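Undergrad: Mind having a look at this structure? Questions to follow.
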Amino acid sequence: MTMALLEVKDLSKRFGGLVAVDKVSFEVKSGEIIGLIGPNGAGKTTVFNLLTGFLSKDQGQVIFQGNDITKIKPYQTVSMGIFRTFQLTASFPGMTVFENVKVATFGKTGGLDSDRKTKESIELVGLQECETLFPGQLPHGYLKRLDLARALATSPELLLLDEPFSGLSVSEIKGLTNVIKNLQARGITLVVIEHVLRELMGFANRVIVLNFGKKLAEGHPEAIVRDEKVIEAYLGKRWDNAA
């Protein structure tokens, strides 16, 4: 059997009397796209924050490429091959698209061959016509792509995407979906938090469902949309009928 790229064991986080993440365990194999879904407040973003060191863990262990990274700090994630995006886009407004992405190349390689890596990353997300534009000149969908281009500039092994489709139109979602599928084809592993379920279910290899901080279900998208516990907690009967 192939060793998991990422192993999460009994991950837990408490905020006072609130248990935000409760003994969550899962594995991610190299080359997979994993969907992480659940109602608002289910603990999805908290899991990302725990995996990348933005929050300290109360309990649990995280193994990445066979190495224990349980006590990882946020500044160490890029050099280890992990990059996460956030729900809200962020960029340097006074820098062009090219400059925004080029800065990211210094995170892992120290800027070695930075121009080539920058151009490659921009092309992978379809922003090659926008290299000289500033973020303020880009539509929201392109800002999401800029976030992805910066991530790719660090040569990640694992991408953690937090609601990449948030605020996008149907056509923008379709375009970004194609970009994500292309990244998987290039061997990049992804874990994606998303509420646009119809699109996510179309490309995720497996889906993990959280509810009240606990793992409620895990499996193939077709099985998840028919799981009675998931339907009751999140998706609703109408989704099940449509599926």
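Undergrad: Between the stretch 23-92 and the stretch 120-199, what is the separation of their alpha carbon centroids in Å?
TA: Going from one Cα centre to the other spans 18 Å.
Undergrad: Related question: When the chain is treated as a GNM, springs tying every alpha-carbon pair under 10 Å, which of LEU160, LEU112, LEU138 comes out with the largest mean-square fluctuation?
TA: LEU112
Undergrad: I've got another one for you. Which translational diffusion coefficient, to the nearest whole µm²/s, is obtained for the chain from the Stokes-Einstein equation, given a Kirkwood hydrodynamic radius over C-alpha pairs, 25 °C and 0.890 mPa s?
TA: The diffusion coefficient I find is 133 µm²/s.
Undergrad: Something else: How high is the relative contact order of the chain, in percent, counting Cα pairs under 8 Å that sit 6 or more residues apart?
TA: Dividing the mean separation by the residue count of the chain yields 25 percent.
Undergrad: Please turn the phi angles of the stretch 210-227 into ³J(HN,Hα) values with the Karplus equation 6.51 cos²θ - 1.76 cosθ + 1.60 (θ = phi - 60°), one per residue in order, whole Hz, x for glycine and proline.
TA: Working through the residues one at a time gives 10, 8, 6, x, 9, 6, 8, 7, 8, x, 5, x, 5, 6, 5, 6, 10, 6 Hz.
Undergrad: What 222 nm value per residue comes from the helices of the chain, counting each DSSP H run with n ≥ 4 as -39,500 (n - 2.57) and dividing by all residues, nearest 500 deg cm²/dmol?
TA: -9000 deg cm²/dmol
Undergrad: Set the Förster radius R0 to 35 Å, insert the Cβ-Cβ distance between GLU120 and VAL170 as r into 1/(1 + (r/R0)^6), and round the FRET efficiency to 0.05.
TA: The formula returns an efficiency of 0.80 here.
Undergrad: Using the number of other C-beta atoms within 10 angstrom as an exposure proxy, rank PHE106, PHE26 with the fewest first.
TA: The fewest-first ordering by Cβ neighbours comes to PHE106, PHE26.
Undergrad: Here's another thing I want to ask about it. How would the stretch 113-175 be classified by its alpha-carbon gyration tensor: rounded, prolate or oblate, with rounded meaning a/c under 1.5 and the a/b versus b/c comparison settling the rest?
TA: Cα axes put the stretch 113-175 in the oblate bin.
Undergrad: Let me ask something additional. Which three numbers, in whole Å and largest first, are the semi-axes of the equivalent ellipsoid of the stretch 8-63 derived from its Cα gyration tensor as √(5λ)?
TA: Working from the Cα gyration tensor, I get semi-axes of 19, 14, 9 Å.
Undergrad: Below 18 Å, Cα to Cα, which lysines can LYS57 reach? Residues fewer than 8 away in the same chain don't count.
TA: Result set, ordered by chain and number: LYS9, LYS13, LYS23, LYS44, LYS71, LYS73, LYS214, LYS215.
Undergrad: If you place +1 on the Cβ of every Lys and Arg and -1 on the Cβ of every Asp and Glu, how big does the dipole about the Cα centre of the chain come out, in debye to the nearest 20?
TA: 340
Undergrad: Springs between alpha-carbon atoms under 10 Å, Gaussian network over the chain: tell me which of VAL192, VAL47, VAL103 tops the mean-square fluctuations.
TA: Looking only at VAL192, VAL47, VAL103, the largest GNM fluctuation is found for VAL103.
Undergrad: Starting from the Cα gyration tensor of the stretch 39-168, take the square roots of the eigenvalues, sort them a ≥ b ≥ c, and report rounded, prolate or oblate (rounded when a/c is under 1.5, otherwise prolate if a/b is larger than b/c, else oblate).
TA: Verdict is oblate for the stretch 39-168.
Undergrad: Select from LEU159, LEU176, LEU216 the residue whose mean-square fluctuation is largest in a Gaussian network model of the chain (Cα-Cα springs shorter than 10 Å).
TA: Maximum fluctuation in the GNM of the chain, among the listed residues, is at LEU216.
Undergrad: While we're on this one: Can you give me the relative contact order of the stretch 99-243 as a percent, contacts being Cα pairs under 8 Å and 6 or more apart?
TA: 16
We did not get these values from a lab; they are worked out from the coordinates using the rules stated. Computed from a predicted structure; not experimentally measured. So basically every Cβ, Gly included, is an ideal-geometry build from the backbone, and we count neighbours across all protein chains shown.
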